[in-house]
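Only one structure is covered here, and it is reproduced in the block below.
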Amino acid sequence: INEPREWQTHFQDAGEFVESLKIDFFKDRIFVFTPKGEVIDLPEGATPVDFAYHIHSDIGDQATGAKVNGKMAALDSILKNGDIVEIRIQKNKKPSRQWLEFVKTSIARNHIRTALRGPRKP
């Protein structure tokens, strides 16, 4: 835990130190927003499908489209830092097997695989 304190001695000012922390700790992360302004932390390269599953598995399973910054976007489009993402859903829809080719999060991948297997038999 002393590592950040040691790093701090290498920088001229607090701003430079904070910027280096952001680069080191968040270099592979993006932060996108829900339409209500909630911040969602996702890996770089994440898509609207990853975002949808991060919100709730039902939203991911029923996703039919996305709006990014108020414009329609493909479900496989790459999200960027600061994007505002809205997911369009349709009741009783199932995920597509193709989604497994582009999702970046294990949460999305696991939910898609489970949904594609169908309901468990007793």
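Some points to look at:
- Protein-only accessible surface order, largest first, of Asp28, Asp61, Asp41, Asp83 at 1.4 Å: Asp28, Asp41, Asp61, Asp83
- The residues neighbouring Phe102, those whose beta-carbon lies less than 15 Å from its own, together hold a net charge of 0 under the Lys/Arg +1, Asp/Glu -1 convention.
- Taking the 1.4 Å solvent-accessible surface of the range 46-122 as the whole, the part contributed by carbon and sulfur is 49%.
- Computed FRET value (nearest 0.05) for Thr64 with Arg29, which takes r as the C-beta separation and R₀ as 25 Å: 0.40
- Vicinal HN-Hα couplings computed from phi for the range 97-106 (Karplus, 6.51 cos²θ - 1.76 cosθ + 1.60; Hz; Gly/Pro x): 4, 4, 4, 4, 6, 10, 5, 10, 9, 5
The values are calculated or read from the model by the stated rules, or taken from the named source; none is laboratory data. These numbers come from a predicted model, not from an experiment. Reconstructed Cβ throughout: ideal geometry from the backbone, glycine too, with neighbour counts over all protein chains shown. Side chains are part of the model used for accessible areas, which takes the heavy atoms of the whole protein and leaves out ligands, DNA and RNA. Shrake-Rupley method; radii C 1.70, N 1.55, O 1.52, S 1.80 Å.
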